[in-house]
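Below you'll find the structure, written out as structure tokens, and then a few comments.
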There are 2 protein chains.
Amino acid sequence: MAEVIDIEDPTDPRVDDFRDLSNADRRPDLPGRKGLVIAEGVVVVQRMLDSRFAPSALLGVGKRFETLADDLADRDVPYYRASAEVMAQVVGFHLNRGVLAVAPRPAELTVDDVLDGARTVAILEGVNDHENLGSMFRNAAGLGADAVLFGDRCADPLYRRAVRVSMGHVLRVPFAQLPQWPASLDLVRNRGFQLIALTPNPAAVNLATAMTGERVALLLGAEGPGLTEEAMRATDVRARIPMSPGTDSLNVATAAAMAFYERVRTA
Amino acid sequence: MAEVIDIEDPTDPRVDDFRDLSNADRRPDLPGRKGLVIAEGVVVVQRMLDSRFAPSALLGVGKRFETLADDLADRDVPYYRASAEVMAQVVGFHLNRGVLAVAPRPAELTVDDVLDGARTVAILEGVNDHENLGSMFRNAAGLGADAVLFGDRCADPLYRRAVRVSMGHVLRVPFAQLPQWPASLDLVRNRGFQLIALTPNPAAVNLATAMTGERVALLLGAEGPGLTEEAMRATDVRARIPMSPGTDSLNVATAAAMAFYERVRTA
């Protein structure tokens, strides 16, 4: 059972991992930053508890402990119980979700780890917006995509905002970094995946027609620039979502959702 | 040709329609508020110029006037030219898009207006988040949906944030308010539309199977509560997007995109 420890002094060093989140979390990837993973709110904390990210501590109001009691029944982790006011002083802003969990980063998964048994994966290039990244993981989880691979220039999926927008699904949908870009796409192809580049180019093949593989890897670039020509050249086919003329390309998470949907639409 | 008028004094009454936007715009639907429609940035201003929302004035830096010169060539509308600093003082915050256009609200379209010639429409209930509303219009435009109808308890699609997130497509995808909810759904049915309720309920029919009409109206509720039972009962069929167990329902704009995509996927 999680041990409840009351915190009345906001400067208590036992809650240092939760301190001043809006600053400490800004660039968790920089040297000297802790890069801890933060879950906010009951649902996301529950998903963290059910993931490979094992929380080292929780900080929350008493009411949230009651809600989480069953989830924490067999966990040996401290629950720092505080008032909403003390929590706000620790965290640095008022947090209306009432509970946080913090976890260290476990060892990264390898490309082989995440491709094992996968049928549908997304491969991202230049997706550097945390909100788009979070939405993409949420859509991947919802529509049954199995994994996400990062190519070049992507943002950190474990950034606090990405975790929140994903509703905790970045903690559960496995992801890995491709070692070389775009050369490592061969690793994916050699595992039997059809490599499909998504592009708004009207000359590309219709997505529904292009997607013929039993195992499929969907390459997506950032909104605006899209995939680099170099990356597209390393794929098997360039596919487009049928779009109306005179509109912008879809948001990258929405485009991914469409492709994931195409995989499961008759399920 | 638009007339260029230099504004050096931020208190100049000629730019009153652009004043203190973050406050004046908060509830444009309240009595006493102006409820003017604001377009921000070159692309959205161009879409406004190409819409039924005729701008009464523009406010922007000199550089943006040059970019818009062709679009404004045959328009009789003042372009208030100001420095970024003066603009910020008028608007109340720093605006990095450099140009705004303001338009009065034209007469509302009727349900008949927007259904005329339409094949695919979305009907919303309880969608009161401006960002979701904006994304929904962006997706409707991108994927060729023809119109949006508002049922009960929806937010104002012409709110500044909704216009911005839609990338100006709320100004171009026609919309109308249904007079009674859900009784007015009969108006839509009588025009030959199949009424499809989207629900995460696993007992519902698969969307791809359910969607059989030549003309289709997709009902969507807010994230979380979804459609009311009353609204669902007034439809022809309840349809689900195939979702993984243990995940949340999709964001409403993403769910709509999926349904719009289903209509055009082989186009």
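Of the residues that make up segment B:213-220, is at least one open to solvent by 60 Å² or more (accessible area, probe 1.4 Å) and within 14 Å of chain A (Cβ to nearest Cβ)? There is no residue in segment B:213-220 that is open to solvent by 60 Å² or more (accessible area, probe 1.4 Å) and within 14 Å of chain A (Cβ to nearest Cβ). Within segment A:70-90, residues that are without any contact (Cβ under 8 Å) to a residue 60 or more places away in the chain and in the same structural domain as A:ARG14 (by TED's automatic domain parsing) sit with their Cβ atoms under 8 Å from residues that are polar (S, T, N, Q) and open to solvent by 20 Å² or more (accessible area, probe 1.4 Å), at 6+ positions apart or across chains, in these pairs: A:ASP71/A:GLN46.
Residues in segment A:246-267 that are free of Cβ contacts under 8 Å to residues at least 24 places away in the same chain and more than 8 Å from chain B (Cβ to nearest Cβ): A:GLY246 only. Looking across segment A:221-241, the residues that are over 24 Å from the mean Cα position of the chain (by Cα) and of a type in the set (Gly, Ala, Ser) come down to A:ALA234, A:ALA239.
Here is a yes/no grid of residues against (1) in contact (Cβ under 8 Å) with a residue 12 or more places away in the chain; (2) at positive phi; (3) among the β-branched types (Val, Ile, Thr):
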position: B:ALA140; (1), (2), (3): yes, no, no
position: B:CYS154; (1), (2), (3): yes, no, no
position: B:VAL163; (1), (2), (3): yes, no, yes
position: B:MET167; (1), (2), (3): yes, yes, no
position: B:PHE175; (1), (2), (3): yes, no, no
position: B:LEU178; (1), (2), (3): yes, no, no
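Applying the criterion of being facing chain A (nearest Cβ under 7 Å) and under 12 Å from the mean Cα position of the chain (by Cα) to the residues of segment B:136-146, the residue that is surrounded by the most Cβ atoms within 10 Å (Cβ to Cβ) is B:ASN139.
Within segment B:99-132, the set of residues being under 30 Å from B:GLN89 (Cα atoms) and either without any contact (Cβ under 8 Å) to a residue 40 or more places away in the chain or in a strand (DSSP E or B) (or both) comprises B:VAL99, B:LEU100, B:ALA101, B:VAL102, B:ALA103, B:HIS130, B:GLU131. Annotation note: Cβ proximity below 7 Å between a residue of segment B:185-200 that is farther than 17 Å from B:THR228 by Cβ and a residue that is open to solvent by 50 Å² or more (accessible area, probe 1.4 Å) (sequence gap 6+ or interchain) occurs for B:GLY192/B:ARG215; B:PHE193/B:ARG215; B:GLN194/B:THR212; B:GLN194/B:ARG215; B:GLN194/B:ASP236. Restricting A:GLU85, A:GLU125 to residues that are under 30 Å from A:VAL4 (Cα atoms) and acidic (Asp, Glu) narrows the list to A:GLU85. When the residues of segment A:147-168 are filtered to those that are β-branched (Val, Ile, Thr) and open to solvent by less than 10 Å² (accessible area, probe 1.4 Å), which remaining residue is nearest to A:SER22 (Cα to Cα)? Filtering first and then ranking leaves A:VAL163.
Among the residues of segment B:227-245, the one identified as crowded, with 21+ Cβ neighbours inside 10 Å, farther than 23 Å from A:ASN132 by Cβ and within 12 Å of chain A (Cβ to nearest Cβ) is B:ALA239. Take segment A:102-135 and flag every residue that is surrounded by 24 or more Cβ atoms within 10 Å (Cβ to Cβ) and touching a strand residue (DSSP E or B) at 6+ places or on another chain (Cβ under 6 Å). Scanning segment A:102-135 gives A:VAL121, A:ALA122, A:ILE123, A:LEU124, A:GLU125, A:VAL127. Say whether the condition of being touching a strand residue (DSSP E or B) at 6+ places or on another chain (Cβ under 9 Å), part of a helix (DSSP H, G or I) and open to solvent by less than 20 Å² (accessible area, probe 1.4 Å) is met by at least one residue in segment A:169-177. Looking through segment A:169-177, at least one residue is touching a strand residue (DSSP E or B) at 6+ places or on another chain (Cβ under 9 Å), part of a helix (DSSP H, G or I) and open to solvent by less than 20 Å² (accessible area, probe 1.4 Å).
The values are calculated or read from the model by the stated rules, or taken from the named source; none is laboratory data. Keep in mind the model is a prediction, meaning the values are calculated, not measured. Neighbour counts run over all protein chains shown; Cβ positions are idealised from the backbone, glycine included. Heavy atoms of the whole protein, side chains included, go into the accessibility calculation; ligands, DNA and RNA do not. Shrake-Rupley method; radii C 1.70, N 1.55, O 1.52, S 1.80 Å.
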